[in-house]
Amino acid sequence: MPLNKLNKKQKPKIATNEASSFQFEAIGTSWQITIEQPIDTTVMGSLMERVQHRIDQFDRNYSRFRTDSLVTTMAHEAGSYHLPGDAEPLFDLYEQLYDVSDGLVTPLVGQLLADAGYDAEYSLQTKELHTVPEWFEVMDYTFPELRIKQPALLDVGAAGKGYLVDIIAELIEASGVHGFCINAGGDIRNHNVSSRLSRIGLEHPRTIEQVIGIADIPTGSICGSAGNRRTWNGFTHIMNPRTKQPPTNVLATWVSADTALVADGLATALFFVKASKLRERFTFAYAIIREDLSLEYSNDFPAQFFSEATKGDMNT
């Protein structure tokens, strides 16, 4: 999911019962952070402020929706850029996904999305769709340097939100909190939270009021991807850079992995690459709903599926 502007500063909704939680809107999605251990309200408020500051910092670097972001500067000016310190895991993963997908998972899809109408103004007005260039035509990457050979609009949304969840998880743990769960629009990172607080429904890709199963979130991450929540003029935010159209053979994917960065990136990659090929390089569990509502999932995917919601099961 592409990153967009951080919402204006808002007072979070803080709920205190068996666990403490706060909810807010940022990068175009709803966040909920649940903390299982006792925590003072003042400490909670201070932690929330640091969380929102870190999200804003990330957004200022990587959002293609902000006029003041590093990504927007790259879209206007070729040259050599010294990347932020947190960029290495993100760009390394994109380099791996680009290679394993034969270029179908690429950060260079940003201009295609903007041309299709998913632009900084959210115009949803489709313009001429330009060809997505190859990585080597535009970028030379050796961390911490990224040389942009020609101006290019990058989009790191396929893995960026998941990576931001990991960053926030590290920030929370460093503050002395050791039992928490972060849910950023369905990208989830669970850290030692009991099972009673870490079960989610897997949304049906054609009927959002229905779930196809229930997943238990292990210590680690689970992320999902589907085009049904963001559609316009026959497009979605998941685009094939060669056909310039959304993939049609897959409706939804979920991935469980140690980090939300990997889970988020692979959830997108499964629209373009067979799971067996990805599992040669990455350790993860997965589930896929295809166009005919058939279900494919790995035996280690931590979910129980409802057979009436799909066209049967296929374990791999």
**Message:** Please give me, ordered by residue number, the trypsin sites (Lys or Arg not before Pro) of the range 134-179 that lie in loop per DSSP and have at most 14 other Cβ atoms within 10 Å.
**Reply:** Lys149
**Fill in**
Descending packing, highest mean Cβ count within 10 Å first, for 25-34, 49-58 is 25-34, 49-58
**Asked** What is the sum of charges around Gly227, taking Lys and Arg as +1, Asp and Glu as -1, for the other residues whose C-beta is under 12 Å from the C-beta of Gly227?
**Response** +2
**Message:** Quick check: residue separation of Asn192 and Arg242 times 0.36 nm, minus the Cα distance between them. What number comes out in nm?
**Reply:** 13.8 nm
**Complete:** Taking N as the number of residues in the range 70-157, the ratio of its alpha carbon radius of gyration to 2.2 N^0.38 Å works out to 1.08
**Asked** By how many nm would the segment from Lys274 to Lys127 lengthen if fully extended, with 0.36 nm per residue of separation less the alpha-carbon distance?
**Response** 49.8 nm
**Complete:** Cα-only Rg/Rh for the chain with Kirkwood Rh rounds to 0.95
**Item:** Separation between Cα centres of the range 148-185 and the range 44-59, rounded to whole Å
**Value:** 12
**Request:** Mind ranking 246-254, 295-303, 37-45 by how tightly packed they are, going by the mean number of other C-beta atoms within 10 angstrom, highest first?
**Result:** 246-254, 295-303, 37-45
**Request:** Work through the residues other than Asp86 whose Cβ is under 13 Å from its Cβ and net out their charges, Lys, Arg +1 and Asp, Glu -1.
**Result:** -3
**Message:** Using the basic label-point model (7 angstrom from Cα toward the beta carbon), what is the Val211 to Thr42 distance in nanometres?
**Reply:** 3.9
**Request:** For Gly213, enumerate residues with amide H under 5 Å from its amide H, sequence gap 5+ or separate chain, H modeled in the peptide plane.
**Result:** Leu202, Phe306
**Complete:** The Cα radius of gyration of the range 19-125, divided by 2.2 N^0.38 Å with N its residue count, comes to 1.35
**Message:** What does the net charge come to around Ile148 if you take all other residues with beta carbon closer than 12 Å to its beta carbon, with K and R at +1 and D and E at -1?
**Reply:** -2
**Item:** Value of [θ]222 nm, deg cm²/dmol, for the chain, DSSP H segments ≥ 4, -39500 (n - 2.57) each, nearest 500
**Value:** -8000 deg cm²/dmol
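Taken together, the values in this text are just the output of simple stated rules run on the coordinates, not laboratory data. Not measured: the values here are computed from a predicted model. Cβ sites come from the backbone with ideal geometry, for glycine too, and all protein chains shown count toward neighbours.
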